[in-house]
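This report refers to the structure that appears directly beneath it.
The values are calculated or read from the model by the stated rules, or taken from the named source; none is laboratory data. Just so you know, these numbers come straight off a predicted model, no measurement behind them. Here the Cβ is made from the backbone with ideal geometry for all residues, glycine too, and neighbour counts use every protein chain on show.
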Amino acid sequence: MPRSVLLRVFGVAILAACVGVCVAPVETSPTPPSSSTPPPPPLLEETPPPVEPPTAPAEDIRSVANNGNEFGLDLYKRLAKNTKENLIVSPYSISSALAMTYAGARGQTAAEMARTMRFALPPERLHPAVGATTHKLQSADADGQRLNIANSLWGQSGVKFSPDFLNLTRKNYGAGFRELDFQANPESARGTINGWVSDKTNKMIPELIRKGEINEGTRLVLTNAIYFRGLWDTSFEKKNTKDDKFKLTATETVPVKMMNSYVSLWYSETKDYQVVVLPYKNKYRSMIVVVPRAVDGVAAVEQTFTPADVKSWYANGTTAIVRLALPVFKAGFRDNLGPMLQAMGMKSAFERGADFSGLGVDFEFYLSVVLHEAVVEVNEEGTKAAAATAVVGVTPVSAQIIPKEVVVRADHPFLFMIYDSATENILFVGRFAKP
């Protein structure tokens, strides 16, 4: 029977790595912004993108992925302890934006950032490896799938930043540089940056920077945006989407639209949870769904899994005929990550006396907030038929082996990841806890 309706998954993450980077604190209270955001002014000239994409050895690209995944999951676990609601972050977006910031750090500030971010490579190898990874991720885009990654720098007009810093971020991150007048009109600057974010995320994040989060003391904002859209390689049939119940707890339920399929998927399990890998049409990307066996088991599971577990799910799993129930869902998250990054060890970057001398400016410079917002949607759309089932990143199983049959019902809080097996990067990781 043809599967006529395809699923589409959208994921967006945007990080303003140095929003509200300040010189000395403003002594007088700024004029309260108007109730409506002013229209952004025309963008000033942006430095052109690099002609040649960055390159790096395969081992350096793997190092960036491993270190970014370790940092991202550590950050995710810390955030997860503070909320029981839906949660999603993009380890790759956060790592990329902070790597750009790290390019301007020196001394103790740089050392703390490297330890917190798990940077194992020296700067001269790290930045090309991040850039090569981004290029590889984007160049792999094909077959009903879209993955866009964009970086940009926004500096105070009239301030001369180090040409070495601007050239490094341009060459390795494709980061254009634009001037804005934060000092004279921070609200107008905010509107301009938010407009860029909205454009790069296909309008899924229209207002990353809220009123008051940049001010007259802002001198530099670094932004990174990811927009992802993917079609399942094997779709769900629309007629099998039914009204169902999602268990918030063992005794409390809420209504949900539940998609159902009976299909061959890559499957792994432990005594605590089940794992299914849902491949996209791009064979290197997939959504990994981790369903705890216990209704209230998500907190325990998310605090224990590691990047090594992700690789193990691929290496030690098996093909199974899965009777899968997965809800139509949307999850979003926004927060200032600054306090969490300080708790993880990145302290001096947020303090007076921070060493960002690599920026080449002649005034005191430190970070004020690190904003991160991510959104993911899983929904039904389209009528294109899928003719085959694929398994992501694994060796095909011999045709003589009859796959076992399992039931996986994601009808209670579960974890999910969007994973790129070609670069071994966790692009997004999250928890769906409530429709």
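Can you tell me which residue is farthest from Lys434 (Cα to Cα) among those in segment 227-258 that are touching an Asp or Glu at 6+ places or on another chain (Cβ under 9 Å) and of a type in the set (S, T, N, Q)?
If we take residues in segment 227-258 being touching an Asp or Glu at 6+ places or on another chain (Cβ under 9 Å) and of a type in the set (S, T, N, Q), then Ser235 is farthest from Lys434 (Cα to Cα).
With respect to Ser261, is the statement that it is under 30 Å from Val370 (Cβ atoms), at pLDDT 85 or above, of a type in the set (S, T, N, Q) and touching an Asp or Glu at 6+ places or on another chain (Cβ under 9 Å) true?
no
Can you find even one residue in segment 238-249 that is touching a helix residue (DSSP H, G or I) at 6+ places or on another chain (Cβ under 7 Å) and not aromatic (Phe, Trp, Tyr)?
no
Give the residues of segment 54-102 that are crowded, with 24+ Cβ neighbours inside 10 Å, in a helix (DSSP H, G or I) and among the small types (Gly, Ala, Ser), sorted by residue number.
Gly68, Gly72, Ser93, Ser95, Ser96, Ala97, Ala99
Hey, could you check segment 107-136 for residues that are among the charged types (D, E, K, R) and touching a helix residue (DSSP H, G or I) at 6+ places or on another chain (Cβ under 9 Å) and say which is surrounded by the most Cβ atoms within 10 Å (Cβ to Cβ)?
Applying the filter and picking the extreme gives Glu112.
Taking segment 137-170 as the search range and keeping residues that are surrounded by fewer than 18 Cβ atoms within 10 Å (Cβ to Cβ) and part of a helix (DSSP H, G or I), which one is modelled with the lowest pLDDT?
Ser139
Here are the criteria: (1) surrounded by 18 or more Cβ atoms within 10 Å (Cβ to Cβ); (2) on the phi > 0 side of the Ramachandran plot. Tell me which single one Thr234 does not satisfy.
Condition (2) is where Thr234 drops out.
Let's see how each residue does on (1) crowded, with 19+ Cβ neighbours inside 10 Å; (2) at pLDDT below 90; (3) over 17 Å from the mean Cα position of the chain (by Cα):
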| position | (1), (2), (3) |
| --- | --- |
| Arg293 | no, no, yes |
| Ser312 | no, yes, yes |
| Ala315 | no, yes, yes |
| Gly358 | yes, no, yes |
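Output yes when any residue across segment 122-135 is on the phi < 0 side of the Ramachandran plot, within 15 Å of the chain's Cα centre (by Cα) and either outside the structural domain of Glu364 (by TED's automatic domain parsing) or of a type outside the set (Val, Ile, Thr) (or both), and no when none is.
No: segment 122-135 contains no residue that is on the phi < 0 side of the Ramachandran plot, within 15 Å of the chain's Cα centre (by Cα) and either outside the structural domain of Glu364 (by TED's automatic domain parsing) or of a type outside the set (Val, Ile, Thr) (or both).
Could we say that Arg170 is among the charged types (D, E, K, R), in contact with a helix residue (DSSP H, G or I) (Cβ under 8 Å, 6 or more places away or on another chain) and in the same structural domain as Arg62 (by TED's automatic domain parsing) here?
No: the conditions fail for Arg170.
With on the phi < 0 side of the Ramachandran plot and buried (at least 16 other Cβ atoms within 10 Å of the Cβ) as the only criterion, which of Phe333, Phe363 stands out?
Of Phe333, Phe363, the one residue that is on the phi < 0 side of the Ramachandran plot and buried (at least 16 other Cβ atoms within 10 Å of the Cβ) is Phe333.
Which condition number in (1) part of a loop (DSSP other than H, G, I, E, B); (2) at pLDDT 90 or above; (3) of a type outside the set (Asp, Glu); (4) under 19 Å from Phe428 (Cα atoms) is the one that Thr249 fails?
With respect to (1) part of a loop (DSSP other than H, G, I, E, B); (2) at pLDDT 90 or above; (3) of a type outside the set (Asp, Glu); (4) under 19 Å from Phe428 (Cα atoms), Thr249 is out only on (4).
Show the residue pairs that are 6+ apart or on different chains and have beta-carbon atoms under 6 Å apart, the first residue being within segment 399-416 and assigned by TED's automatic domain parsing to the domain that holds Gly317 and surrounded by 18 or more Cβ atoms within 10 Å (Cβ to Cβ), the second being polar (S, T, N, Q) and modelled with pLDDT of 95 or more.
That search, which allows pairs on different chains as well, returns Val408/Gln274.
Counting only residues that are over 21 Å from the mean Cα position of the chain (by Cα) and either surrounded by 18 or more Cβ atoms within 10 Å (Cβ to Cβ) or within 27 Å of Ala132 (Cα to Cα) (or both), how many does segment 192-212 have?
1
Just to verify a result, which residue in segment 171-182, among those that are of a type outside the set (D, E, K, R) and in contact with a Ser or Thr (Cβ under 8 Å, 6 or more places away or on another chain), is surrounded by the most Cβ atoms within 10 Å (Cβ to Cβ)?
Among residues in segment 171-182 that are of a type outside the set (D, E, K, R) and in contact with a Ser or Thr (Cβ under 8 Å, 6 or more places away or on another chain), the one surrounded by the most Cβ atoms within 10 Å (Cβ to Cβ) is Phe182.
Which number in (1) touching a helix residue (DSSP H, G or I) at 6+ places or on another chain (Cβ under 9 Å); (2) surrounded by 20 or more Cβ atoms within 10 Å (Cβ to Cβ); (3) within 30 Å of Arg62 (Cα to Cα) marks the one condition that Thr306 misses?
(2)
Could you look through segment 418-435, keep only residues that are of a type in the set (A, V, I, L, M, F, W, C) and either modelled with pLDDT under 90 or crowded, with 22+ Cβ neighbours inside 10 Å (or both), and pick out the one that is nearest to Asp296 (Cα to Cα)?
So the residue we want is Phe432.
Has segment 235-245 got at least one residue that is of a type in the set (S, T, N, Q), at pLDDT below 90 and farther than 29 Å from Lys404 by Cα?
No, that holds for no residue.
In the same structural domain as Pro413 (by TED's automatic domain parsing), in contact with a Phe, Trp or Tyr (Cβ under 9 Å, 6 or more places away or on another chain), at pLDDT 95 or above and of a type in the set (Lys, Arg), is that true of Arg285?
Answer is no for this residue.
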